[in-house]
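Structure first, commentary second.
The values are calculated or read from the model by the stated rules, or taken from the named source; none is laboratory data. In this text, all values refer to a predicted model and were calculated from it rather than measured experimentally. For neighbour counting, all protein chains shown are included, and Cβ atoms are generated from backbone atoms with ideal geometry for every residue, glycine included.
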Amino acid sequence: MTNTTYLYGALLLAALSACDSASNRTPAASSGSEAPFAGGSGATDPAALSPSATRLPDSLHLISPSQVGRLRLNMKERELLAVVPAAQLTKTSYTYKGTAYPAYRLRDAQQPQAPETVLEFIRSGADSVMTLRRIRVYDPQYRTAEGIGVGSPFGAARQVYGLTRVRQDEDDFVAISGQMRIGWILDEKSLPTGHGNDLSTADIPPATRIIGVRVR
């Protein structure tokens with residue numbers, strides 16, 4: 001065998017080996033492909049699918065049974081003034097069953113332009129001490145631990161808290177959560193035309209917006 005023939009055979013064998021290796025290689029992933037359940041803000045991220053995932057409150061804006069932030073029901077007026085700077089409070093009043101009672105409007109320290117929270121007091125006891133009877137929240141910053149608050153759809157509150165009845169109460173149309181002792185004030189314009197004063201939650205469109213929260 002001549003050197004030329006030997007060299008030609010070696011080159012041919014090398015070429016065939018290269019082709020065989022290429023045909024058995026696993027294709028590389030496309031640069032445009034995405035793994036399922038991508039993290040961050042990907043649409044398949046389970047956290048991104050949760051309506052409350054980005055709306056959870058800090059401790060000052062947490063709505064819980066009988067309490068909103070540092071405010072709790074039945075606290076005395078002097079206790080309120082001890083935890084809230086006077087500059088954030090404006091004295092006002094509200095009417096209940098034809099009688100006027102004292103109240104305060106509370107401005108949020110972080111967002112002074114946000115809707116004010118109304119603190120309704122009542123005189124109680126032999127010495128007629130003023131105690132906090134009810135808290136009305138209209139600021140979307142305030143939320144429950146489950147992320148429900150002003151601006152949430154009624155359907156979300158019903159799913160989380162299992163509400164059963166919705167009724168007219170004073171000047172509000174309210175869905176009551178007995179478990180949480182919270183009333184969700186609904187946008188009455190979204191309710192069925194000609195509705196009565198007492199409805200089943202099944203009659204309320206799920207997209208109806210919550211426009212206020214009453215803690216009592």
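A compact table of results
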| read-out | value |
| --- | --- |
| Residues that are part of a helix (DSSP H, G or I), aliphatic (A, V, I, L, M) and at pLDDT 95 or above, drawn from the stretch 47-80 | Leu80 |
| Residue that is modelled with the lowest pLDDT, among those in the stretch 164-190 that are in a loop (DSSP other than H, G, I, E, B) and touching a Phe, Trp or Tyr at 6+ places or on another chain (Cβ under 7 Å) | Gln179 |
| Residues (in contact with a Phe, Trp or Tyr (Cβ under 7 Å, 6 or more places away or on another chain) and either closer than 17 Å to Trp184 by Cα or surrounded by 18 or more Cβ atoms within 10 Å (Cβ to Cβ) (or both)) located in the stretch 131-153 | Leu132, Arg133, Gly149, Val150 |
| Qualifying residues in the stretch 123-163 (those that are in contact with a helix residue (DSSP H, G or I) (Cβ under 6 Å, 6 or more places away or on another chain) and in a loop (DSSP other than H, G, I, E, B)) - the one farthest from Arg72 (Cα to Cα) | Leu163 |
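Listed here are the residues, each with its yes/no results for (1) under 16 Å from Gln141 (Cβ atoms); (2) of a type in the set (Phe, Trp, Tyr); (3) in contact (Cβ under 8 Å) with a residue 24 or more places away in the chain.
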{"site": "Gly69", "(1), (2), (3)": "yes, no, yes"}
{"site": "Arg78", "(1), (2), (3)": "no, no, no"}
{"site": "Thr92", "(1), (2), (3)": "no, no, yes"}
{"site": "Thr95", "(1), (2), (3)": "no, no, no"}
